[in-house]
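Contents: one structure, followed by commentary.
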Amino acid sequence: MNARTTRTLAAALSLTAALAISGCSGSENEASKPAPTVSGAFMPQPVNDEMAGAFMVIKNGSETADKLTGATSTLSDDLQIHETKNRKMQQVQSLDVPANGELKLERGGSHIMFMGLKSTPKVGDKVTIELRFEKADPVKVELDVKERTYTGQAPSTAGNGH
């Protein structure tokens, strides 16, 4: 081989190696980035236009923990993340979404609170909300507006003999 062929071959190998390395690192980052999914999303019909709650289960099937950091909706300009501890509701900046786990937003526990509604949704309506996370991309969710007494939990038939 002459010097020119050797330089060309070395440059081609370097370029191939650089592309392979950058391709691999990008794939690993994307694979480990959380991609939450949401199920059971609902909002009990609000009593008035002052406030409403949103409840759902956020699942994180990735190896990377994340945090729910906020939410937006056209129904209200003020959505807050709340947790309930010792029977006291308080606003928090975020809630943990564990790796390979789930965050349950449920009545009597953590939830998203809509403050100052622009309108009062009725049973059967759908309310769109966008969840924001520390690491994952935003997730759009449709909340089914349910009866005020709806809890989102299926009735238990275990142990009743029927």
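The values are calculated or read from the model by the stated rules, or taken from the named source; none is laboratory data. None of the values given here were measured: they were computed from a predicted structure. Here the Cβ is made from the backbone with ideal geometry for all residues, glycine too, and neighbour counts use every protein chain on show. Areas reflect the complete protein model, heavy atoms only, side chains present, ligands, DNA and RNA absent. Shrake-Rupley method; radii C 1.70, N 1.55, O 1.52, S 1.80 Å.
Some values worked out for this structure:
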{"read-out": "Which numbered condition Pro138 misses (of (1) in contact (Cβ under 8 Å) with a residue 24 or more places away in the chain; (2) exposed (fewer than 15 other Cβ atoms within 10 Å of the Cβ); (3) in contact with a Leu (Cβ under 8 Å, 6 or more places away or on another chain))", "value": "(1)"}
{"read-out": "Residues of the range 126-135 that turn out to be under 12 Å from the mean Cα position of the chain (by Cα) and surrounded by fewer than 19 Cβ atoms within 10 Å (Cβ to Cβ), as a count", "value": "4"}
{"read-out": "Pick from the range 113-125, criterion aliphatic (A, V, I, L, M) and not in a loop (DSSP other than H, G, I, E, B), ranking: surrounded by the most Cβ atoms within 10 Å (Cβ to Cβ)", "value": "Met113"}
{"read-out": "Unique match (being in contact with a Pro (Cβ under 8 Å, 6 or more places away or on another chain) and either surrounded by fewer than 15 Cβ atoms within 10 Å (Cβ to Cβ) or acidic (Asp, Glu) (or both)) among Asp49, Asp66, Asp77", "value": "Asp66"}
{"read-out": "Residue match in the range 100-112 (condition: open to solvent by 60 Å² or more (accessible area, probe 1.4 Å), part of a strand (DSSP E or B) and among the hydrophobic types (A, V, I, L, M, F, W, C))", "value": "no"}
